[in-house]
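What follows is a single structure, written as structure tokens, with notes after it.
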Amino acid sequence: MLQGEQSQVKVNSLAEKWAPLVWLASDEKYFPLSVEEFLQHVDPIEKDGRIISGENMLPVGRTSKSLYLIPKKGLSKQKPVGNHIGDFEHISFAFDENFAPQELFLALHDIGIYYTYDPVSKIFINSGYLNQKGITQTSEFPSVVRTLEGRPILFAAKGSHGFWSAPGKYYYFKLPKLADITDYGTPWKTWKHLQIYREDYDKPPVWMRYFGRWGNPKSNCFLFSKIGLCEFSDGPYGISQRKNDFQC
């Protein structure tokens, strides 16, 4: 068990070493930014749409559980299915006692894919997937996650930002024209933009104590009981409320 400063150094080292190279789509319009900058452009609201007044402060704690976040300029007038303001597409690693990688988890909307690391080929191999809401999804996941100089190579889908491990067009609902599109657009070197927090060790930023939805309430839902589709999907809860992607 690592303690104190030694633990901090090792955590930082692992995060910097394995942070992925992410290719954003060539015609992407929505680029990465910090949480703090994102919060400058949204208002907390009740489910009925009433804006929470305050001194431009994010509500935190129990009273924030029923809240949502919407853009200060309001929701888009466009009508594509599945619009949403916030999402937590993410990746997770599992390491063994020698700090060697064992598994990689890629988040894809309401599903996720597990990849097991092969130290000989230095690639991650598809080992199964997780379906969190029972919604019909594609089963055509890329078979491997390749690495470059030891880093996973990932692709963020245009607009939706779901993580895939190969360029292509992925129909993740059994509906025409609803797909994730990935290609070699703009490289995002994530290791240059890390903010590291150790659970139970470091003081979390204020926004991690906001327990509401990171996005708008769902609305204009149709066929929801069968395939879970809404014109506007509701935002997810924050990362501090998420379950671990791996069972320790």
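For this structure, a couple of remarks:
- 20 Å Cα-Cα threshold exceeded, pairs from 158/189; 17/122; 158/192: 158/192
- Spin-label model, residue 34 to residue 122: label points 7 Å out along the Cα-to-beta-carbon direction sit 3.3 nm apart.
- Amide hydrogen proximity for residue 129: with H placed 1.01 Å from N in the peptide plane, the residues at 5 or more positions away or on another chain lying under 5 Å are 114.
- Extension gain, residue 65 to residue 47: 0.36 nm times the residue separation minus the Cα-Cα distance gives 5.4 nm.
- Modelled spin labels at residue 189 and residue 143, positioned 7 Å past Cα toward Cβ, are 3.3 nm from each other.
- Ordered by the count of other Cβ atoms within 10 Å of each Cβ, fewest first, 41, 161 give 41, 161.
Here, each number is a calculation from the coordinates, and none is a lab measurement. Here the structure is a predicted model, which means the values were calculated and not measured. Neighbour counts run over all protein chains shown; Cβ positions are idealised from the backbone, glycine included.
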